[in-house]
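A short write-up of the structure that comes next.
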Amino acid sequence: MAELNQIDLQALTRGDKRTWDAFVLGAAPLINAVVRRTLTSYRVGEDDVMDAAQDVFVRLCAQDFRLLKTYDPARAGLPTWLSVVARSCAIDHLRRRRQATEPIDDVPEAFLGVEDRHVEKLKIPEGLLTARQVLILRYLYDEERDVMEVARLLSVDAQTIRSTHHKALLRLRAHFREEDPGDGG
């Protein structure tokens, strides 16, 4: 996200190709994640997710970057603003899709459940994990990024992310097992 905050917005809205390419490279993981999260409960395929994410970029540069020029850094950070735009574009994409309706009796019960969005974040004791482990857990869980995306962000191999994630979980399990011996295992 830091690279997004360093984008020269004036050069971007003037249509500078190098700035646009840097913007797309920095914004794509965030936009893809927001669109995917928004569309997940609507049983859409990966093609729809990618189309909706592409719609975000089209909307940002349409009409001589009109939408992008409305961004006000005093009101929100660029990643936050892009998340709102991406969610809105994903919902608009769904509306345009106009999927045929089906009788509720034909819909599998698993798709009718409501997800509990109240998630209490785990407080990791200071010094238990390395800074890298904490960062990887934050990317994977708080930001809901996939392993490949985190590997690209950190410029490491995906297996390094999986291994670091696994080691962090082992440390957390061991720590909380010791902390609460009365839970029966």
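Counting only residues that are within 21 Å of V49 (Cβ to Cβ) and of a type in the set (G, A, S), segment 66-90 holds 4 of them. Scanning segment 1-24 for residues that are in contact with a helix residue (DSSP H, G or I) (Cβ under 8 Å, 6 or more places away or on another chain) and within 14 Å of L82 (Cα to Cα) yields M1, E3, L4, N5, I7, L9, F23, V24. Annotation: of all residues in segment 125-145 being acidic (D, E) and without any contact (Cβ under 8 Å) to a residue 60 or more places away in the chain, the one that is surrounded by the most Cβ atoms within 10 Å (Cβ to Cβ) is D142. Contact annotation: residue pairs with Cβ atoms under 7 Å, 6 or more positions apart or on different chains, pairing a residue in segment 24-53 that is touching a residue at least 12 places away in the same chain (Cβ under 8 Å) with a partner that is assigned to a helix (DSSP H, G or I) and polar (S, T, N, Q), are L30/S83; V34/S83; A53/N32. Which numbered condition in (1) touching a residue at least 12 places away in the same chain (Cβ under 8 Å); (2) more than 24 Å from E144 (Cα to Cα); (3) of a type outside the set (F, W, Y) is the only one that A62 fails? A62 satisfies every listed condition except (1). If you go through segment 74-87 and pick out every residue that is surrounded by fewer than 12 Cβ atoms within 10 Å (Cβ to Cβ) and in contact (Cβ under 8 Å) with a residue 12 or more places away in the chain, you end up with 0.
Scanning segment 1-57 for residues that are among the small types (G, A, S) and surrounded by 13 or more Cβ atoms within 10 Å (Cβ to Cβ) yields a count of 8. When you check F111 against the structure, is it among the aromatic types (F, W, Y) and at pLDDT 85 or above, yes or no? Judged against the criteria, F111 is not a match.
The values are calculated or read from the model by the stated rules, or taken from the named source; none is laboratory data. Every value quoted in this text rests on a predicted model; they were computed, and no experiment measured them. Don't worry about glycine lacking a Cβ; one is built from the backbone with ideal geometry, like all the others, and counts go over all protein chains shown.
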